[in-house]
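What follows is a short report on a single structure.
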Amino acid sequence: MAIDTPVPPLTSSTGPEATATATATATPPKLSGRAKLILFVLCAAQFMVALDFSVLNVALPVLGKDLGMSQSALQWAVTAFALPSGGFLLLFGRIADLFGRRKLFLTGLAVFGAASLLATFAWDPASFLAGRALQGLGAAAIVPTGMSLLTTTFPEGPQRDRALGISGTLLSLGFTVGMLLGGVMTDTLGWRSTMALLAVAAVIVLVLAPGLLSESRHPERPRLDIPGAVTVTTGLLALIYALSTAAERGFGGTDVLVTLVAGIALLAAFVYVESRAAAPLVSLPMLRRRTVAWGNLGGLVTFSMMSTVVFVLTLYLQEVLKLSALQTGLIFGLQGVLSAVAGTYAPKLIGRIGARRTLVGSLLGQGLFVAALLGIGTGSGAVLAAAAVSLASMCHLGAIISYGLIVTSGVPDEEQGLATGLVTTTQQVGLTIGIPLLGVLATTQGALFDGVRTVLALDAAIVVVAAVLVGIGLRTSRAKDQ
């Protein structure tokens, strides 16, 4: 499905850099009214899912008391969502490719909306966690189908750059707005209002979407790779469970170690299965593309390391500086506003210097601004924290948009669900692994302040090293394609 306004063709082909970016001299064509509505619907769905990741966080203590959940059980309010939302992404992305993206997108919205209602009216921990798990299942259908509908609706070039810029901005904004909005709504309307908000949003998108979106058609309709689907889904479920549980209890638990090893083994089995499948769930040649491999590495690092920064700064601001939840939310609200500004200008920057340079530069900027946070102290540091995390988030937004363009560029329409499934799986895994791998150090290194500084130093170093590796890898890719 294409939108009404044509895109000027690229005048030359110089490998992934050319296909991932618009020419610097091209003027981005205006979007038609219908295209704007489609973009609104798809971005609203992505924003809704992003909001769900953070809107409940500050409400957890109140929620626990209301439903009778112990402090240790509260982690399942997050884990119950993360398990299906990350575990089923690749499977649902491929099902959408084969059987229809519009159909699965609408189904995901319906499940998400119904699940949000269940969570809103939950009467005990089991009913609430069931609602959260179903929300995650709906999100696993919405995210890859929404992204693939976007990339197949808006052709490569200025229009897709602009669409992904808006989508990436709202994705980042959803996380930060959720923290602020969750605190305000919980204090004024109660924690159930956060879940009711998601139900209303799902209904609005579900009403608008059918008249705007067209169904995709796969030219051959191959069979679904069941062994691949089983191994990758169970492997991701096991891995996400292990890392999510480790964030709460550390890596010493038997269940954590068993599921961690099982997850790694199942993912290794998945690679073996895919190498021999007639119609693989994931095309290994696609994974061997340097743009896909290095682009996703950049995405994994930017998501995992930025989520870690937000986590440890929340601890620092509230536990060390003794700021209130509302004051902390306002600091992250500033971060969201500046991220939105970055989302406006990132596509223009990509058009001028290319997606590869934007990704590498954004990662470097993110790492350097995180390093600046090492200047915080035990008596003051809120201003530095607000400024540095906001600037780091601007760079983070540039990395999100550019890596999405790099990974999905040059991929045929019939494989866009797979490509965007990889992009969104990277996002989900990145959001899941950062805190268990690094964030837990903040609370296990003696004094909290010392632990926060240790995490920030490691975080900054990882991002800078990743920037160098991604730059080398994508430069090699471009040289081979020329």
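The values are calculated or read from the model by the stated rules, or taken from the named source; none is laboratory data. Just so it is clear, the structure is predicted and the values come from calculations on it, not from any experiment. Cβ sites come from the backbone with ideal geometry, for glycine too, and all protein chains shown count toward neighbours. We work out accessible area using only protein heavy atoms, side chains counted, and drop any ligands, DNA or RNA first. Shrake-Rupley method; radii C 1.70, N 1.55, O 1.52, S 1.80 Å.
In order along the stretch 388-403, the Karplus-derived 3J(HN,Hα) couplings, from 6.51 cos²θ - 1.76 cosθ + 1.60 at θ = phi - 60°, round to 5, 5, 5, 5, 4, 5, 4, 5, 4, 5, x, 5, 4, 5, 5, 5 Hz, and Gly and Pro are given as x.
State the extension gain, in nm to one decimal, for the chain segment bounded by residue 103 and residue 278, taking 0.36 nm per residue of separation less the distance between their alpha-carbons. Please report the intermediate quantities before stating the final value.
Working: separation 175, 0.36 × 175 = 63.00 nm, distance 2.56 nm.
Extra length available between residue 103 and residue 278 comes to 60.4 nm.
Decide, for the stretch 263-349, between rounded, prolate and oblate: order the square roots of the alpha carbon gyration tensor eigenvalues as a ≥ b ≥ c, take rounded if a/c falls under 1.5, and otherwise choose prolate if a/b is larger than b/c, else oblate.
Numbers: a/c = 4.39, a/b = 1.98, b/c = 2.22.
The shape class here is oblate.
Here the stretch 334-385 and the stretch 76-128 have alpha carbon centers that stand 32 Å from each other.
Just the protein heavy atoms count here, and of the accessible area of the stretch 299-406 at 1.4 Å, carbon and sulfur take up 70 percent. Given a Förster radius of 35 Å and the C-beta distance between residue 374 and residue 267 as r, what FRET efficiency does 1/(1 + (r/R0)^6) yield to the nearest 0.05? For residue 374 and residue 267, the calculated efficiency is 0.50.
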